[in-house]
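Enquirer: Starting off with a structure, shown below.
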Amino acid sequence: MPVATLLPFTATPNRKSASPTSFRLTEKFILLLVFSAFITLCFGAIFFLPDSSKLLSGVFFHSSAVETNTRTGPDSSDSGSAGNDDRVLAKIRKDHEKALLEAKDTLQKRPDEIKQDIIIEKEKVVKESMGQGGKDVNNLPFVEYRRPPGATGHEPLDPETRDRRAKIKEMMKHAWDSYRRYAWGSNELRPVSKQGHSSNLFGDIKGATIVDALDTLYIMEMFEEFDAATDWVEKNLDFNVNAEVSVFEVNIRFVGGLLSAYYLSGKEVFRRKAVELGEKLLPAFKTPTGIPWALLNLKSGIGRNWPWASGGSSILAEYGTLHLEFMHLSKLSGNPEFAQKVMNIRKVLNRLDKPQGLYPNYLNPNSGQWGQHHVSVGGLGDSFYEYLLKAWLMSDKTDEEGKKMYYDALQAIETSLMRKSSGGLTYIAEWKGGLLEHKMGHLTCFAGGMIALGADGAPGDKTGHQMEQAAEIARTCHESYARTALKLGPEAFRFDGGVEAIATRQNEKYFILRPEVIETYMYMWRFTHDPKYREWGWEAVQALEQHCKVEGGYSGVRDVYAPTPNHDDVQQSFYLAETLKYLYLLFSDDDHLPFDHWVFNTEAHPLPVIKKDKTDRPNEVE
Ligand code: DMJ
């Protein structure tokens with residue numbers, strides 16, 4: 001049967017105007033059969049032939065199925081998943097065809113062209129992986145450098161102060177020259193045995209003293225030394241080490257030191273190095289809560305916590321002392337990740353209940369729960385509180401969350417930890433599961449300066465009260481020095497068993513050139529101009545010269561109550577970064593690193609306030 005006879009509207013030429021209704025039943029049935037066969041054929045062609053599925057995805061689903069799925073997640077409905085299968089098949093086919101075409105192209109290329117393509121492809125992969133793990137620090141965004149005010153000072157008018165200031169510079173010169181002579185490139189100096197010393201806090205990173213001292217050299221206008229240090233950083237400072245470092249120590253000393261050196265001098269190398277190191281620290285935050293590990297292998301990016309820290313906990317003073325540096329890293333690199341990481345730490349803390357409003361020193365980074373309920377404003381806790389206040393100040397007082405957390409915490413400290421001895425000395429005790437240990441660490445003495453720095457912004461008319469507290473803590477810490485044979489403070493002193501401000505345990509009698517007491521004198525001097533703070537600072541200078549100075553630098557001592565010093569043979573890098581810097585500023589005018597433009601990190605590295613007024617913003621990323 002010819003096909004034409006089966007078609008209703010072209011059938012039987014002599015049947016002019018014949019209507020379909022005039023077909024017989026069998027004809028109708030055959031026509032229906034033919035029609036449905038035709039429809040089936042068309043649908044088959046659309047859905048099953050390779051090109052028709054392309055047509056579908058191209059015409060009806062403008063983007064490919066795979067792309068749609070990655071943005072919206074898998075579709076759970078049955079009909080949807082059948083449709084998805086077809087689209088996935090279509091995508092595979094398309095990719096396959098593309099790959100065949102590329103292979104054909106490649107076969108037509110010369111071997112040297114193929115090699116070139118491989119190199120380009122490799123570079124692409126490296127760049128992409130840098131995007132995930134570390135940015136290309138040679139391609140940082142443009143930053144217009146503007147030096148904040150007061151980077152260097154001027155001679156004080158008063159001759160005694162001028163001489164004392166000059167004396168501190170001389171001390172810096174002795175510490176630096178000795179390091180340069182006997183330990184150049186090592187982390188620290190052994191001033192008695194006159195050789196290098198390396199603590200494992202820095203893994204295999206070298207040059208801690210150089211990086212820690214950079215800004216002190218700059219503010220003391222020791223530019224020849226500063227240039228030598230800069231040259232060493234340019235040529236030798238290397239973070240590509242396969243070793244575990246303390247995230248906290250590396251951050252406060254190296255990142256902090258590099259950032260300050262950048263802001264003081266404007267030298268790009270410091271910005272580059274700071275960002276490079278910051279990127280290397282980011283894997284420390286890969287924990288279920290985002291609370292970083294204490295220790296990190298800089299090569300593998302594998303982190304862990306100190307084995308002694310309450311069942312694998314992270315430590316408050318360590319994870320809580322990254323904020324200032326990381327905010328500046330985001331600013332200088334254009335990478336928001338640094339800021340996001342530290343803001344998340346606050347989020348975790350703000351979700352937790354705090355016993356009596358206090359922050360325990362241990363927090364488990366996996367569970368997000370507190371470890372042992374130990375609280376301290378000294379070791380393990382100290383700089384967390386300092387960074388809450390300074391985050392607010394460094395944000396030009398816009399970080400209201402930091403402000404609230406600081407003043408709330410200080411209130412809890414006052415209520416639960418601050419006590420007055422029977423002899424009238426105010427001290428900050430430690431808290432262990434609800435019981436007070438009446439001991440104050442040398443480290444805790446920084447709190448006098450912190451409370452003075454925050455007093456001005458204290459809520460509820462508490463400025464005067466907080467200034468008094470700060471002055472009392474300064475007095476107590478001065479007493480801890482005055483009651484020793486060497487006139488240098490012990491590592492910790494107690495207010496129990498009939499003693500006040502005296503170390504009773506042998507392992508708490510050492511002095512390792514720490515800065516905290518002098519730091520408090522410096523803040524108290526700036527806020528009160530009471531000459532006693534300069535006098536107390538000068539007493540410390542004399543004790544340092546008499547008992548810690550040796551031919552090869554400055555050394556800590558093992559027992560401050562012994563009549564003659566027994567040297568520990570370490571010149572700590574923070575002696576140059578902090579102790580000598582705070583002494584120098586104590587005998588400088590207030591416009592040298594003024595507080596309304598600079599905030600000191602916990603290693604005394606000055607960082608500029610990020611001004612809210614657009615016209616006064618230092619170093620804005622373009
Ligand atoms: C410094 O490294 C820092 O001040 C830190 O916050 C704790 N203590 C040492 C100096 O004592």
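The values are calculated or read from the model by the stated rules, or taken from the named source; none is laboratory data. Since we're looking at a predicted model, the values are computed, not measured. So basically every Cβ, Gly included, is an ideal-geometry build from the backbone, and we count neighbours across all protein chains shown. The accessibility values were calculated without ligands, DNA or RNA, using every heavy atom of the protein model including side chains. Shrake-Rupley method; radii C 1.70, N 1.55, O 1.52, S 1.80 Å.
Enquirer: Would you mind telling me which numbered condition in (1) more than 16 Å from the ligand (Cβ to nearest atom); (2) touching a residue at least 60 places away in the same chain (Cβ under 8 Å); (3) in a helix (DSSP H, G or I); (4) over 16 Å from the mean Cα position of the chain (by Cα) Thr216 fails?
Expert: Condition (1) is where Thr216 drops out.
Enquirer: (1) without any contact (Cβ under 8 Å) to a residue 40 or more places away in the chain; (2) part of a helix (DSSP H, G or I); (3) within 16 Å of the ligand (Cβ to nearest atom): which one isn't true of Trp306, the others all being true?
Expert: It is condition (2) that Trp306 fails.
Enquirer: Let me ask something else. Determine the pairs where a residue that is open to solvent by 30 Å² or more (accessible area, probe 1.4 Å), located within segment 156-170, has a partner that is of a type in the set (Val, Ile, Thr) with Cβ atoms under 7 Å apart, the partner being 6 or more residues away or on another chain.
Expert: Lys167/Val541
Enquirer: Among the residues of segment 547-574 satisfying the criterion of being of a type in the set (A, V, I, L, M, F, W, C) and more than 36 Å from the chain's Cα centre (by Cα), which is surrounded by the fewest Cβ atoms within 10 Å (Cβ to Cβ)? Let's see the steps before the verdict.
Expert: Just the residues of segment 547-574 that are of a type in the set (A, V, I, L, M, F, W, C), to begin with: 548, 550, 557, 560, 562, 570, 574.
Retained after the next criterion (residues that are more than 36 Å from the chain's Cα centre (by Cα)): 550, 562.
On the way: Val550: 17, Ala562: 14.
Restricting to residues being of a type in the set (A, V, I, L, M, F, W, C) and more than 36 Å from the chain's Cα centre (by Cα), the top hit is Ala562.
Enquirer: Going through segment 497-521 one residue at a time, which ones are assigned to a loop (DSSP other than H, G, I, E, B) and among the hydrophobic types (A, V, I, L, M, F, W, C)?
Expert: Residues satisfying the conditions are Val499, Ala501, Ala503, Ile512, Leu513.
Enquirer: If Thr209 satisfies all but one of (1) among the polar types (S, T, N, Q); (2) under 30 Å from Ala294 (Cα atoms); (3) surrounded by fewer than 24 Cβ atoms within 10 Å (Cβ to Cβ), what's the number of the condition it fails?
Expert: Here Thr209 clears every test but (3).
Enquirer: Here's another thing I want to ask about it. Report, by residue number, each residue of segment 582-601 that is touching a Leu at 6+ places or on another chain (Cβ under 8 Å) and either open to solvent by 10 Å² or more (accessible area, probe 1.4 Å) or within 16 Å of the ligand (Cβ to nearest atom) (or both). Break it down into steps so the answer makes sense when it comes.
Expert: Looking only at segment 582-601, we keep the residues that are touching a Leu at 6+ places or on another chain (Cβ under 8 Å), and these are 585, 592-593, 595, 598-601.
Within segment 582-601, Leu585, Phe595, Val599, Phe600, Asn601 meet the criteria.
Enquirer: So for segment 273-296 (the condition being more than 30 Å from Ser178 (Cα to Cα), within 16 Å of the ligand (Cβ to nearest atom) and not aromatic (Phe, Trp, Tyr)), does at least one residue qualify?
Expert: Yes - at least one qualifying residue is present in segment 273-296.
Enquirer: Which of the residues that make up segment 238-264 are open to solvent by 20 Å² or more (accessible area, probe 1.4 Å) and either more than 16 Å from the ligand (Cβ to nearest atom) or part of a loop (DSSP other than H, G, I, E, B) (or both)?
Expert: Hits for segment 238-264 are Asp238, Asn240, Asn242, Glu244.
Enquirer: Within the group Lys280, Lys235, Lys273, which residue is of a type outside the set (Asp, Glu), part of a helix (DSSP H, G or I) and without any contact (Cβ under 8 Å) to a residue 12 or more places away in the chain? Step through it out loud before you land on a result.
Expert: Working: Lys280 fails: without any contact (Cβ under 8 Å) to a residue 12 or more places away in the chain; Lys273 fails: without any contact (Cβ under 8 Å) to a residue 12 or more places away in the chain.
Matching residue, one of Lys280, Lys235, Lys273: Lys235.
Enquirer: Shifting gears a bit: Which of the numbered conditions does Lys397 fail, given that it passes all the others? Conditions: (1) more than 21 Å from Arg351 (Cα to Cα); (2) in a loop (DSSP other than H, G, I, E, B); (3) open to solvent by less than 30 Å² (accessible area, probe 1.4 Å).
Expert: Of the numbered conditions (1) more than 21 Å from Arg351 (Cα to Cα); (2) in a loop (DSSP other than H, G, I, E, B); (3) open to solvent by less than 30 Å² (accessible area, probe 1.4 Å), the odd one out for Lys397 is (3).
Enquirer: Also: For segment 522-559, which positions are in contact with a Lys or Arg (Cβ under 6 Å, 6 or more places away or on another chain) and assigned to a loop (DSSP other than H, G, I, E, B)?
Expert: Gly552, Asp559
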